[in-house]
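> I am attaching a structure below and will ask some questions about it afterwards.
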Amino acid sequence: MNWHTISEQIEKATGSTFKTISARALAGGDINSAFQLKGIQQSYFVKLNNMALAHMFEAEFDGLQEMADMGAVTVPRPIVCGKTEDQAFLVLEYIEFGSASKASDRLLGQQLATLHQKRQAYYGWHRDNTIGSTPQINSPQDDWPSFWRDNRLLFQLKLAAKKSCGGRLQTLGEQLCSDMGILFDGHTQQASLIHGDLWGGNAAVDKRGQPVLFDPACYYGDREADLAMTELFGGFGQDFYASYQQTWPLDEGYTTRKKLYNLYHILNHLNLFGGGYLRQAENIMAQLIAEIR
Ligand code: ADP
């Protein structure tokens, strides 16, 4: 890999001299290859992927910027994104990670609730982005249940249909989508800035003990969608939930809506990986339909 173009772009974006001394490949990325680009004084975190996925990095750049502007929780500062001759790249501030503690869990709960207090007038965002490598549609809507139905569940169900997941999945999906309104009764909805892909692998703690969130799939939506996802794959401690609730308590009915929110990610996993996610999606839908009745 020739790092010259990226080093030049870093210099342009920061206004400071940067010469790459070494590039260390980092483990852990799901979709992209990741590197620590070391200069004499500075290090940067760089993700690379195919040219065709440049839009994915642009959306991640914008999401990190939007979160950084709010200032509620630390995110890697986005530096620059673009294309080399043959690859798309995203450059972020490099963050040295430390260890999580009860105190950092508590801080994250508080800071996430503060992030969620950033609002806008409509559900969605000014651009689409991706969830994993699947497109995520953020077309504006004034009504949250309609946004969730159209841009999240029905979109994934259509993708599943194209991948030959018809039958029971689609029948249950249609039924759920036509009856789900009742799950929102008594729930105050507002368009909050949410991370959008908040599983444990996208949260860490820096050397100062400050929580850090990265790899967002931001939009403005119901904050419960972020909380729900933290519970889907685990990794967030009791102190996190207690401090979130203390800062901004959740409405009654969250435990049921949580399933509706996580269904989106299960459908996405079905579309990305197939296999047992089909049964899991069908089971969640059947449970929700039973609870609605
Ligand atoms: P992907 O988009 O491929 O899933 P991530 O953004 O999740 O990649 O990053 C992959 C890994 O790199 C993360 O799990 C984390 O350990 C590390 N990482 C992410 N952002 C930074 C950063 N700004 N500085 C240092 N390491 C990072």
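Values quoted throughout were computed directly from the atomic coordinates according to the rules given, and no laboratory measurement underlies them. Everything quoted here is computed from the prediction, not taken from an experiment. Quick reminder, even Gly has a Cβ in these numbers, built from the backbone with ideal geometry, and neighbours come from all protein chains shown.
> Taking a ≥ b ≥ c as the square roots of the Cα gyration tensor eigenvalues, with a/c under 1.5 meaning rounded and otherwise prolate when a/b beats b/c, else oblate, which class fits the range 57-117? Don't skip to the end; give the middle numbers.
Numbers: a/c = 3.78, a/b = 1.87, b/c = 2.02.
Judged from the Cα gyration tensor, the range 57-117 comes out oblate (a/c at least 1.5, b/c at or above a/b).
> Next question, about the same structure. Could you tell me how far the Cα centroid of the range 82-129 sits from the Cα centroid of the range 178-218, in Å?
If you average the Cα positions of each part, the centres end up 10 Å apart.
> Lys38 to Trp248: FRET efficiency via 1/(1 + (r/R0)^6), r the Cβ-Cβ distance, R0 45 Å, to the nearest 0.05?
Details: r = 40 Å, r/R0 = 0.89.
Taking R0 as 45 Å, the efficiency between Lys38 and Trp248 is 0.65.
> For a paramagnetic label modelled at 7 Å from the Cα of Ser99 toward its Cβ, which residues of the range 181-219 fall within the zone defined by backbone nitrogen distances under 15 Å?
205-210
> Taking a ≥ b ≥ c as the square roots of the Cα gyration tensor eigenvalues, with a/c under 1.5 meaning rounded and otherwise prolate when a/b beats b/c, else oblate, which class fits the range 4-93?
Details: a/c = 1.41, a/b = 1.11, b/c = 1.27.
Taking the square roots of the gyration eigenvalues as a ≥ b ≥ c, the range 4-93 is rounded.
> Just report the Cα centroid separation between the range 236-255 and the range 8-26, whole Å.
Using only Cα atoms, the two centres lie 40 Å from each other.
> Name the residue farthest towards the positive end of the dipole of the range 60-102 from the options Cys81, Ser101, Leu64, assuming +1 on Cβ of Lys and Arg, -1 on Cβ of Asp and Glu, about the Cα centre.
Among Cys81, Ser101, Leu64, the one farthest towards the positive end of the dipole of the range 60-102 is Ser101.
> Related question: I'd like the GluC sites (Glu not before Pro) in the range 29-127 restricted to DSSP loop residues with at most 12 other Cβ atoms within 10 Å, sorted by number. The partial results should precede the final answer.
On the way: sites: Glu58, Glu60, Glu66, Glu85, Glu93, Glu96; in loops: Glu85, Glu96.
Filter output for the range 29-127: Glu85, Glu96.
> Relative contact order for the range 74-135 using alpha-carbon pairs under 8 Å, separation at least 6, rounded to a whole percent? It would help to have the intermediate numbers written out before the result.
Details: 27 pairs, mean separation 11.6, N = 62.
After rounding, I find 19 percent.
> Right, here's the next one. Please compute the length gained on full extension between Thr5 and Glu231, using 0.36 nm multiplied by the number of residues separating them and subtracting their Cα-Cα distance. Could the numbers behind the result be given before it?
On the way: separation 226, 0.36 × 226 = 81.36 nm, distance 4.06 nm.
Gain on extension, Thr5 to Glu231, equals 77.3 nm.
> Just in the range 1-85: which trypsin sites (Lys or Arg not before Pro) are loop by DSSP and have at most 14 other Cβ atoms within 10 Å? Please list the in-between numbers first.
Values: sites: Lys12, Lys19, Arg24, Lys38, Lys47, Lys83; in loops: Lys19.
Answer by residue number: Lys19.
> Also: Indicate, rounded to the nearest 5 percent, the antiparallel portion of the DSSP beta bridges found entirely in the chain. Please report the intermediate quantities before stating the final value.
Values: 36 of 37 bridges.
So the antiparallel bridges amount to about 95 percent of the total.
> Taking only the alpha carbons of the chain, what extent do you get along each of the three principal axes, in Å, biggest first?
Its Cα atoms span 64, 44, 34 Å along the three principal axes.
> Viscosity 1.002 mPa s, temperature 20 °C: Stokes-Einstein D of the range 153-232 from its Kirkwood Cα radius, in µm² per second?
Working: Rh = 15.2 Å.
Approximately 141 µm²/s, per Stokes-Einstein.
> Could you give the length gained on full extension between Glu291 and Ser22, defined as 0.36 nm per residue of separation minus the Cα-Cα distance, in nm? Could you put the intermediate results ahead of the total?
Working: separation 269, 0.36 × 269 = 96.84 nm, distance 5.62 nm.
The span from Glu291 to Ser22 would gain 91.2 nm if fully extended.
> Show me the trypsin sites (Lys or Arg not before Pro) within the range 193-226 that DSSP assigns to loop and that have at most 13 other Cβ atoms within 10 Å of their Cβ. Don't jump to the answer; show the numbers that get you there.
Working: sites: Lys207, Arg208, Arg223; in loops: Lys207, Arg208, Arg223.
Those that pass, being in a loop and sparsely packed, are Lys207, Arg208.
> Right, next: Given H placed on each backbone N at 1.01 Å, which residues far from Val212 in sequence or on other chains put an amide H within less than 5 Å of it?
Those lying under 5 Å, H to H, from Val212 are Ala204, Val205, Asp206.
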